[in-house]
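The values are calculated or read from the model by the stated rules, or taken from the named source; none is laboratory data. Source: prediction; values computed, not measured. Here Cβ is always computed from backbone atoms with ideal geometry, including for glycine, and neighbour counts include all displayed protein chains.
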Amino acid sequence: MAISDYIPVIGLEIHSELLTTSKVFCTCSAEFGGEKNTRCCPVCSGLPGTLPVINRRAVEFAIKAGYALNCGINKFSVWDRKNYFYPDLPKAYQISELNLPICLAGEVPIEYEENGEKKSKVIRINHIHLEEDAGKLVHDDLNGVSLCDYNRCGVPLVEIVTEPDMRSPEEARTLVETIALLLQYAGVSDCKMEEGSIRADVNISLMRKDATEFGTRAEIKNVNSLKSIYRTIEYEIKRQAQILDRGGTIVQETRRFDANKGETKSMRTKEDAHDYKYFPDPDIKQVNLRDEDLERLRAELPEMPRERTAKYIGFGIPEKEAKIIVSDKVISDFFEEALKVYNEPKSLVNFINGEILRRINLGEIDKTNTKYTAAEVAKLVQMADTEKVSKNDAKEIFREMAEKGGDPETIAKDRGMLIVTDTGKVLEVIEQVIASNEKAVGQYVGGDVKVFGFLMGQCSKALRGAATPKVIKEELEKKLAALK
């Protein structure tokens, strides 16, 4: 059978670390990095006799994540111990939530393009639960050893469990991208895949088009980039289809994705919930939420991506341009700040998308650590709009702002780019250009209007900084008209 004769059935378990200052059950720093095994204590290291204490902020962030994904909030949730042995889990159990998770039944609309066709779909969220992260294994292939770094142990994370609603790699990739953006806007996670603060377990099975039940699924653990999510699903569809075509059966198992080879490899037989021997954690009290707490947390959420996109389109910004701005919260926040200084949305969007994002994509600018402010960029765009500097010079001024910092007007003055219209000088230069270019002037007077650009260029070159192109053009046209 061809691959097209099978229907992929895809569900995701998306793990996203929360932006709390400290860990979920102790006061150790939750910041990424640090010298190995320096951000851990007896509690997160699992030493006997220690007692965990819940981080209130982590609970609040999990609730905000739920609201961002249109979930209902469970006012009563209980902590459970998920028991399994693995070297990166020093307690030999993970504190999580099983039967009473904090968020229930949400949905996330996605928009994507597949085979040249624009599509949209709503992906259901089964639930979101709060749990602690495990440590990290550091593999030394040269010496054949694996070491444990427990800095990440106890960092709070939410696990977002979807329904098996996706049918293609692009849908899954888009969902992760969309959820990451929603969590960033909600202010609960930075979603930096390169730092492991968001990653996904991919569950995938195949069913024949005439089947009524899903096939046996494989779970691919800890896929940590959008590209790898796409490649993982592509590979699994081919692998499972080939097995089924040969008359074989799919084994329910846990696999991992090898990004170098572009293939998945078996790790172990897939566990079910009963294999973890869940039971309520006796050391941590249940979470009880009041209506006033939930109302406050919902009210604290900022404008979300869809709301901002609609607002920007209302400003007259084309939908495509608006979505580019909104697709990066840092850039969107920058735009919002610039608007407070110069309320010309179209001009600001054109400069941000055309100049700032271009330099960011080239690696010339780190968007999170800039030498310029939104207010300074707004001032520069206003200077260009009001012809205090030319559009091209505005780009050069911004380059200096990006590299060294500085006020745009001061830079323009220092570099002789500030346009101050001197009508007397304009007329004087125009007369000099006309006298020096009799042949071109004669051609223009004789009806060859193409040479006007040459004459205009000569005037502009001589008048750099003394007048705007508009003024030069108007005065030159007057002088030439008088010669006809």
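Structure notes:
- The stretch 238-270 - residue that is β-branched (Val, Ile, Thr) and under 20 Å from Ile14 (Cβ atoms) and, of those, nearest to the chain's Cα centre (by Cα): Thr264
- Among the criteria (1) of a type outside the set (Phe, Trp, Tyr); (2) in contact with a Phe, Trp or Tyr (Cβ under 9 Å, 6 or more places away or on another chain); (3) assigned to a loop (DSSP other than H, G, I, E, B), the one Asn222 does not fulfil is (3).
- Filter result for Leu157 (touching a residue at least 40 places away in the same chain (Cβ under 8 Å), among the aliphatic types (A, V, I, L, M) and either out of contact with any strand residue (DSSP E or B) (no Cβ under 6 Å at 6 or more places or on another chain) or crowded, with 18+ Cβ neighbours inside 10 Å (or both)): yes
- Being of a type outside the set (A, V, I, L, M) and surrounded by 12 or more Cβ atoms within 10 Å (Cβ to Cβ) is a property that Thr254 has.
- Those residues of the stretch 35-72 which are within 17 Å of Ile128 (Cβ to Cβ), surrounded by 19 or more Cβ atoms within 10 Å (Cβ to Cβ) and hydrophobic (A, V, I, L, M, F, W, C), in sequence order: Ala58, Val59, Phe61, Ala62, Ile63, Ala65, Ala68, Leu69, Cys71
- Candidates Ser347, Ser390 - the one that is hydroxyl-bearing (Ser, Thr, Tyr) and modelled with pLDDT under 90: Ser390
- In this structure, Val188 does not qualify as in a strand (DSSP E or B), surrounded by 13 or more Cβ atoms within 10 Å (Cβ to Cβ), in contact (Cβ under 8 Å) with a residue 12 or more places away in the chain and not hydroxyl-bearing (Ser, Thr, Tyr).
- Per the listing Arg124, Arg152, the residue uniquely more than 19 Å from Ser228 (Cα to Cα) and part of a loop (DSSP other than H, G, I, E, B) is Arg152.
- For the stretch 8-34, a residue qualifies if it is over 15 Å from Asp133 (Cα atoms) and either buried (at least 20 other Cβ atoms within 10 Å of the Cβ) or at pLDDT below 90 (or both), and the qualifying residues are Pro8, Ile10, Gly11, Leu12, Gly34.
- Any pair with Cβ under 7 angstrom, 6 or more apart, that starts in the stretch 22-36 at a residue that is assigned by TED's automatic domain parsing to the domain that holds Phe61 and ends at one that is of a type in the set (Lys, Arg): Cys28/Arg39; Ser29/Arg39; Ala30/Lys23
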